[in-house]
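First up is the structure itself, then whatever we jot down about it.
The values are calculated or read from the model by the stated rules, or taken from the named source; none is laboratory data. Everything quoted here is computed from the prediction, not taken from an experiment. Because the Cβ atoms are built from the backbone with ideal geometry, glycine has one as well, and the counts that use them run over all protein chains shown. Side chains are part of the model used for accessible areas, which takes the heavy atoms of the whole protein and leaves out ligands, DNA and RNA. Shrake-Rupley method; radii C 1.70, N 1.55, O 1.52, S 1.80 Å.
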Amino acid sequence: MSRPEHIAPPELFYNDTEAKKYTSNSRIAAIQAEMTLRAVELLSLGDDGPYYLLDIGCGSGLSGEILDEDGHVWAGMDIAPSMLDIAADKDVEGDLFLQDIGQGMGFRPGTFDGAISISVLQWLCNADKKENKPRYRLQRFFSTLFMSLQRGARAIFQFYPENDLQIEMIMGIAMKCGFTGGLVADYPNSKKARKFYLCLFAGQAAPGQKQDLPKGLGSDEADNGIAYTDS
Amino acid sequence: MRLITHNMLKCHVKNCTDPDKQFPLRFKDVQLEQIDAERNNEFLVRMLPRIDWPALSKTTKELDITLPETVPGNPEDDEEFLQALHTAILETHIKQGSMLCDGCGHEYKITNGIPNMLLAEHEI
């Protein structure tokens, strides 16, 4: 089966029909919900919530509904109008934006307490037009995202990496933009169950307050985290 | 879109970087809707340092919404202030209209409560 991002750009792939199909598929909805809960867990927010969060690629609001349930105030963006219309109809409480994350974010510095992103990042690696565009877009995305986060806040990306080269590219650019962190793999030994979460830290909340990469699920061995820096 | 998020927005067009002009984005021809929401004082107090008060003042005046002129010394103890803040930033939704950048002139249209932040090729 082809990877969706090889078929068409997301705003065309997720047209009205596909958007409806995606949202009403209970298996997909259940998986998205599970991954959202895991991403929120990896955010390691404190106990004095609710918090102000960003949902990157919020789609039809499957992840946003979970943020609503937890009582957080959030803003979300997506490039597919059909998906956003479904989210609006669902009356999710977050503020929705029609936006291309590869064009950068437009938030003032230190706006958000954290960011999550479910099944989105692989779309940003697509060269829909010119060869060198993905790198520039990733850089624009990560640099503006870094600034929009509070110091010490995290950005957690569940995504489907195509290959190691893609992971290297994403991590390299995120690091250049100031992020630390790494990739957390849940159930790494099961081809069916395994999930990847890119955990990025936007600096430290206070000097000397190093953040540890969370451990992946489903393995008795030492580490499922691939740290890309030694901070 | 609620006013809390509008207060965090700045124009992200390339080379539009004058901090005095790129935010707050100026509303034009807007339709508002007030929707009740549960108030959480801890959240409001946490967000206070992040809110740009002069920008919020400017925007609420444009929209004819009540907002105290200044933040009181002990906001966490001032129920009246917190309620007014809550209503302004979390219960006021902009449903239609547009947002203009005074720096570069870009117009972000708002439809069905969703602002269109897509930029043209020359603005990236």
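For segment A:167-189, what are the residues that are assigned to a helix (DSSP H, G or I), of a type outside the set (Val, Ile, Thr) and open to solvent by less than 20 Å² (accessible area, probe 1.4 Å)?
A:Met171, A:Ala174 - these are the residues of segment A:167-189 that are assigned to a helix (DSSP H, G or I), of a type outside the set (Val, Ile, Thr) and open to solvent by less than 20 Å² (accessible area, probe 1.4 Å).
If I go through segment A:54-85 residue by residue, how many of them are within 12 Å of another protein chain (Cβ to nearest Cβ), in contact (Cβ under 8 Å) with a residue 40 or more places away in the chain and among the aliphatic types (A, V, I, L, M)?
4
Within segment B:94-124, work out how many residues are open to solvent by 30 Å² or more (accessible area, probe 1.4 Å), β-branched (Val, Ile, Thr) and modelled with pLDDT of 95 or more.
1
Taking helices (runs of 4 or more DSSP H) that do not extend beyond segment B:6-97, which have at least 2 residues that are in contact with a Cys (Cβ under 8 Å, 6 or more places away or on another chain) and of a type in the set (Val, Ile, Thr)?
Details: elements: B:41-47, B:53-62, B:79-90.
Correct list: empty, since no element meets the threshold.
Filter segment B:11-33 down to the residues that are farther than 16 Å from B:Met1 by Cα, out of contact with any Asp or Glu (no Cβ under 6 Å at 6 or more places or on another chain) and not hydrophobic (A, V, I, L, M, F, W, C) and list them by number.
B:His12, B:Asn15, B:Thr17, B:Asp18, B:Pro19, B:Asp20, B:Gln22, listed by residue number.
For the condition at pLDDT 95 or above and surrounded by fewer than 21 Cβ atoms within 10 Å (Cβ to Cβ), what is the one hit in A:Arg27, A:Arg38?
Selected residue: A:Arg38, the only one of A:Arg27, A:Arg38 that is at pLDDT 95 or above and surrounded by fewer than 21 Cβ atoms within 10 Å (Cβ to Cβ).
Considering only residues that are touching a strand residue (DSSP E or B) at 6+ places or on another chain (Cβ under 6 Å) and either away from every other protein chain (no Cβ under 14 Å) or among the aromatic types (Phe, Trp, Tyr) (or both), which ones fall in segment A:121-156?
A:Leu121, A:Gln122, A:Phe146, A:Arg154, A:Ala155, A:Ile156
Just to verify a result, which residue in segment A:95-121, among those that are closer than 18 Å to B:Arg46 by Cα and touching an Asp or Glu at 6+ places or on another chain (Cβ under 8 Å), is most open to solvent (accessible area, probe 1.4 Å)?
A:Arg108
Only one residue in B:Glu79, B:Glu69, B:Glu62, B:Glu91 is within 14 Å of chain A (Cβ to nearest Cβ) and either open to solvent by 60 Å² or more (accessible area, probe 1.4 Å) or under 17 Å from the mean Cα position of the chain (by Cα) (or both), so which one is that?
Numbers: B:Glu79 fails: within 14 Å of chain A (Cβ to nearest Cβ); B:Glu69 fails: within 14 Å of chain A (Cβ to nearest Cβ); B:Glu62 fails: within 14 Å of chain A (Cβ to nearest Cβ).
The match here is B:Glu91.
Of the residues that sit in segment B:27-38 and are charged (D, E, K, R) and away from chain A (no Cβ under 13 Å), which one is surrounded by the fewest Cβ atoms within 10 Å (Cβ to Cβ)?
Narrowing segment B:27-38 to residues charged (D, E, K, R): B:28-29, B:33, B:36, B:38.
If we keep only those that are away from chain A (no Cβ under 13 Å) as well, we get B:28-29.
Values: B:Lys28: 14, B:Asp29: 9.
Filtering segment B:27-38 for residues that are charged (D, E, K, R) and away from chain A (no Cβ under 13 Å), the one surrounded by the fewest Cβ atoms within 10 Å (Cβ to Cβ) comes out as B:Asp29.
Please go through segment B:14-26 and give me each residue that is at pLDDT 95 or above and surrounded by 18 or more Cβ atoms within 10 Å (Cβ to Cβ), ordered by number.
B:Pro24, B:Leu25
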